[in-house]
Amino acid sequence: MKNGTSKRISAVNAILLTAVSLLSIAAIAIPSAHAASPLLPADQCDAETGSEHDLQRNMSFRPVATEDLRIGVALSACREAYNQGSGPRQTFQLARVLDAAGQRAQSMAMLEEAVEGDHALAMVNYAVMIGERGDHEKEFALYQKAAAAGNILAAYNVGVAYRDGVGTEVNGALAAQWFARASAAKDGLGAFNLAVLLDEGTLIPEDNRKAAEFYKLAADRGNVDAMVNLGLMLESGEGMSPDPEAALSMFAMAAKKGDAFAQDKIAPQPVDTATTASIEPSEQASMVLAKTSRIK
């Protein structure tokens, strides 16, 4: 960043745990009548708990976001499927709903069992849990195995591991490769973090033109930080010709999503004329909003 502008790195700079979110459920209603469903328990489990991040899920059913899980129905179906000897997919899905129900220890046990059955997304989520316990070498090994199986979250996490030295040595070139792989699979965070590497130029050679391209890709996928950083590059002409109108458009997109910095950019706070009256015009021109609130 040769113009000295401080850009945000990421609100998600740690290893991701997207598929297993740690929601706390105060009360869980287990359905009393389970005969209402015509599906077998394994299919009912697939229908209630399939994750969009799971390439091994039952594609006959639409994926279910964590916040949309029907905890009682899902627990009943997945537990019955598990007791009937279902495979690694339903075991992972039982782990997923157990975690959503706040039963983390049981969830981890089910994840470990699903990992033994070579379920890729289970490897990612189990890796996060053992990483929290300090076993980063095993965590990294599981990310690599899941990434080799094609899991996109794992590919992103391998990139983070190489960037931050989690369970392995820091390697900017390999971090960039894995972020690029995640980006190619339409992952917005992969594109954003690759842009940051190119923008900063500390782990890999700085390339502002390519950084802007990946910020644009991430912004198109809804990444707010990418919108802001691309707006700053367009505003200053970093890696491109200055385009104030396009910069304002990017800030407006981020502001619409609630970004405070972008909101200030499109509607700056009024300058205190009493303070600036005694300042020379050339000095006034250099006055900019402080970025202490930027995400690092």
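Throughout, read-outs are computed from the coordinates displayed, never taken from laboratory work. These numbers were taken from a predicted model, which means no experiment stands behind them. We place every Cβ from the backbone using ideal geometry, glycine too, and count neighbours over all the protein chains shown.
Data for the structure
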read-out: Scope the stretch 70-92; condition under 21 Å from Met123 (Cβ atoms) and of a type outside the set (Val, Ile, Thr); matching residues; value: Cys78, Ala81, Tyr82, Ser86, Gly87, Pro88, Arg89, Gln90, Phe92
read-out: Any hit, the stretch 218-238, residues being surrounded by fewer than 20 Cβ atoms within 10 Å (Cβ to Cβ), over 23 Å from the mean Cα position of the chain (by Cα) and in a helix (DSSP H, G or I); value: yes
read-out: Ala211 vs. criteria within 19 Å of the chain's Cα centre (by Cα) and assigned to a helix (DSSP H, G or I); value: yes
read-out: The stretch 194-215 residues that are closer than 14 Å to Met227 by Cβ, paired with ones that are surrounded by fewer than 18 Cβ atoms within 10 Å (Cβ to Cβ) and hydroxyl-bearing (Ser, Thr, Tyr) (beta carbon under 9 Å, 6 or more apart); value: Val196/Ser10
